Structure formats: structure tokens, C-alpha cells
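Chemist: Let me begin by handing over the structure; questions about it come next.
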Amino acid sequence: MAILITGGAGYIGTHAMVEFLNAGREVICVDNFSNSKPCALERVKQITGKDFKSYEVDLLDYDALEKVFVENKIESCIHFAGLKAVGESCEKPLLYYHNNLTGTFNLCALLQKYGAKKIVFSSSATVYGKPASVPITEDFPLSTTNPYGETKLMIERILKDLHAADNEWSVSILRYFNPIGAHKSGLIGEDPKGIPNNLLPYVAQVATGKRPYLSIFGDDYNTHDGTGVRDYIHVVDLAKAHLKAIERAEKVSGVEYFNVGTGVGYSVLDIVKAYEAATGAKVPYKIVARRPGDIDECYANPDKAYRVLGWRAENNIEDMCRDSYRWQSNNPDGYGE
Ligand code: NAD
Ligand code: UFG
């Protein structure tokens, strides 16, 4: 019996594949490589010394996806596949709604049809909108500010309705805070296309000399040093949370929501200092205008994940920076062409 991993070739998916394979689980990857490359899966095989099946399939293609269910005994699913760039989602809302929602409809219809009613879904702290306070617990009010976030919230609601209609479903909704870092092997990591949107890939490219300086978006936020505060979590810790979530979904049905963060908030300036201290590299920066839509502070109360799943983050900010730097130094052009 296999676990279907959608989006398994992506940043978080590859790290999860490694953890699942190391735990002796059978996995099958489905990815259309719209934001990833097949060689990332070769690296997963290299790290684990294990083989697995992978399909180049678009979740929008129901018939091609059904073939994966016909050819394999699938018992559950970790659903990473989706488009994730906030800015792009504002420019191309239909693309985002179509890809993320229709892909999920096809997937869920097949999970239902083939009796594999267990899903772990990649949601995001973005569903908390601009939180009234921090740390954030799972019962905070939900709202979003962009089409990407809207797709996450809609999918959360769709999965809840699925369970309401058929309570054999096990749904585990993981709300990720800010995943960063890379596998300790330096073989897999985040490979953004073009100019990175997110802080850590940008810092990594500055630290390794690929870009001259970091632009810090605003220093007048209501935080300890004026720069934005986030809850950065090591991608390997995040990957491990999926294993705990699927183990629980195998035992109980229901719909559960978990914050996956460390519970600690770091500002942009804290990150610059931590990166320099952990790596010895320099990260020159300039303060520029705020980026529209950014919030002051966002960090989790991750207690529920510990209480219910027995999961908590193990890597600290130094580990995250060091591992990010190793990946970027070893792979200056990511996975290359
Ligand atoms: P990623 O882009 O690296 O991985 C997503 C993968 O899904 C890619 O390999 C892409 O090719 C694939 N994909 C996209 N649409 C597809 C489709 N229609 N059919 C088949 N494959 C498809 O992103 P990631 O950072 O690994 O994120 C994984 C999930 O976690 C996403 O759903 C994302 O929204 C969510 N998430 C990410 C973050 C983050 O900061 N990285 C934060 C919160 C939530
Ligand atoms: N920042 C900079 N300069 C940069 C990039 C970012 O100063 O070049 C700052 C931002 O203003 C923010 C912090 O660094 O204060 C983190 O920004 P990121 O873009 O790395 O992350 P966000 O918290 O804005 O967004 C991320 C994901 C979203 C997700 C959200 C909540 O990109 O998809 O976390 O989970 F919705």
C-alpha cells in the first residue's frame, strides 16, 4: 500500500519524500514539474538509497491521474501540489483558482473512488490574514488577502465538507509558517525561478555573492526592531510533521488543523545577523519601502501539534541558516537546466 505524494518534486515535497522513504514507507510521486525538475527526485533517491515510482502527471488531467490509482494500491495522500506565489496569484487569479482548486477536486474524487480517504493538506499561516495578536492558535479567525491564500482557505473548507458528508475521511490540515533551510546533505533545497520572492532564498543568494544586497521591506513595523517578524521553520522538521500527521490519519478519522511552526518569531534583521553568524558570510542590505500586503508579526503557538501528534521542531535558526547556505553554495544555480 502506497502513499501518494502530489507535488513531491517540489521544495517541501522532496524533503518529505526523504523522510517517508527513510521511515520505510512506500511512496508514489505525482508532479507536472511546473515548478520543479525531475532531477530533484534523483537526488531523493541518492540521499535515501531507495527507489520509488514517479509520474509526470498534471492533477488537472483526471484520466491521467486515475491511471496512477489503477496501476497502484494507494491508501492515502500528502497533497503538496499547487501554485504558491502570492504576487503572481494577484496577477493571474484564474490560473491559481483553476490549478489549486480543480487539481484538488480531481484528486479528492479519485481518493474517494479508490477508498483512500486519508489526506494531509499543505495549508498556510496565510489563512490567518492579519492576526489580531500573536502567537496564533488554530482557533483564530480566518481570512485572506490574495487569491493564493483564498485557494488555501477554500480547500480547507472543501475538505471539511467532504468529511461532513462521509465521516470515513481523515483530513489533516497543516498550516505551515515560513519553511526555510535544506536537507543536511546539501543535495536538495529550495530552487526558486528567477528573482526569489521570499526572504531566505534571497539572503542565500546575497551571502554567496550572486546578488549584491538584500532589500529589507520596511523598518517601521510594530516589532522589536521595526522589520517584519515571522516564524521560520526548518523544512526537514516540517517534512517530519507530515509523517506524524499521516500516522494519526491512519488511526482516526476526522478533520484536524495544526500549526506547524517553532513558536519563535525572528525579524528580518535577526535573520541577517543569524545568517552571518552561522555561515561567516556577509549579507549587505538596504532598507526600502514596505512590500504591499505584508503584516507586522506572524508566529505560531505550535502546542497542539506537540500535544496531538507528538511533533515539535528540533532545528534552531542557526541550523536553518547553515543548511540553507550549504545548499546554495553547492548548487548556485539550483538544480540547473
Ligand atoms: P513547490 O512549488 O516547490 O512545490 C509544489 C509542486 O507542485 C511543484 O513541484 C509543482 O511542479 C507541483 N504542481 C503544481 N501544480 C501542479 C499540478 N496541477 N499537477 C501536478 N503537480 C503540480 O512549493 P513548496 O514550497 O514545496 O510548497 C508545497 C505546498 O506547500 C504548496 O501547496 C504550497 O502552497 C504550500 N505552502 C508552501 C509554503 C512555502 O513557503 N514554501 C508556505 C505555506 C504553504
Ligand atoms: N522580506 C524582505 N526582503 C525580501 C523578502 C522578504 O525584507 O527580499 C521580508 C518580508 O517583508 C517579511 C519577511 O521578510 O517581513 C518574510 O517574507 P517572505 O516573503 O519570506 O514570507 P511571507 O511571510 O511574506 O510569506 C510566506 C509565504 C507565503 C505564505 C506566508 C504565510 O511566501 O506563501 O509565508 O505562510 F502565505
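Chemist: Kindly state which helices (runs of 4 or more DSSP H) lie completely within segment 5-97 and contain at least 3 residues that are within 7 Å of ligand 1 (Cβ to nearest atom) and crowded, with 19+ Cβ neighbours inside 10 Å. Talk me through it step by step, then tell me what you get.
Modeler: Details: elements: 11-22, 39-48, 62-71, 86-91, 93-97.
Answer list for segment 5-97: 11-22.
Chemist: Right, here's the next one. Would segment 287-298 turn up any residue that is surrounded by fewer than 20 Cβ atoms within 10 Å (Cβ to Cβ), in contact with a Pro (Cβ under 7 Å, 6 or more places away or on another chain) and in contact (Cβ under 8 Å) with a residue 24 or more places away in the chain?
Modeler: Taking every residue of segment 287-298 in turn, none turns out to be surrounded by fewer than 20 Cβ atoms within 10 Å (Cβ to Cβ), in contact with a Pro (Cβ under 7 Å, 6 or more places away or on another chain) and in contact (Cβ under 8 Å) with a residue 24 or more places away in the chain.
Chemist: Still on this structure, I have one more. Restricting the search to segment 224-277, which residues are part of a loop (DSSP other than H, G, I, E, B), in contact with a Phe, Trp or Tyr (Cβ under 9 Å, 6 or more places away or on another chain) and of a type in the set (D, E, K, R)?
Modeler: Passing the criteria: only 231.
Chemist: Read through the list (1) of a type in the set (Ser, Thr, Tyr); (2) more than 16 Å from ligand 1 (Cβ to nearest atom); (3) farther than 18 Å from residue 226 by Cβ, then give the number of the only condition that residue 324 fails.
Modeler: (2)
Chemist: Quick one: which of 226, 181, 218, 186 is touching a His at 6+ places or on another chain (Cβ under 6 Å) and at positive phi? Talk me through it step by step, then tell me what you get.
Modeler: Values: 226 fails: touching a His at 6+ places or on another chain (Cβ under 6 Å); 218 fails: touching a His at 6+ places or on another chain (Cβ under 6 Å); 186 fails: touching a His at 6+ places or on another chain (Cβ under 6 Å).
From the options 226, 181, 218, 186, the qualifying one is 181.
For (1) exposed (fewer than 15 other Cβ atoms within 10 Å of the Cβ); (2) of a type in the set (Asp, Glu); (3) under 22 Å from the mean Cα position of the chain (by Cα), each residue gets a yes or a no:
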position: 241; (1), (2), (3): no, no, yes
position: 248; (1), (2), (3): no, no, yes
position: 278; (1), (2), (3): no, no, no
position: 307; (1), (2), (3): yes, no, yes
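Chemist: Which residues, counting only those in segment 104-151, are away from ligand 2 (no atom under 16 Å from the Cβ) and aliphatic (A, V, I, L, M)?
Modeler: 107, 109, 110, 111, 116, 119, 120, 132
Chemist: Take the residues in segment 250-276 that are among the small types (Gly, Ala, Ser) and more than 14 Å from ligand 2 (Cβ to nearest atom); name whichever of them is surrounded by the fewest Cβ atoms within 10 Å (Cβ to Cβ).
Modeler: Only one residue fits best here, namely 254.
Chemist: Here's another thing I want to ask about it. What single numbered condition from (1) of a type outside the set (Asp, Glu); (2) surrounded by fewer than 21 Cβ atoms within 10 Å (Cβ to Cβ); (3) modelled with pLDDT of 95 or more; (4) over 20 Å from the mean Cα position of the chain (by Cα) fails to hold for residue 1?
Modeler: All conditions are met except number (3).
The values are calculated or read from the model by the stated rules, or taken from the named source; none is laboratory data. Every value quoted in this text rests on a predicted model; they were computed, and no experiment measured them. Virtual Cβ from ideal backbone geometry, glycine too; neighbours counted across all protein chains shown.
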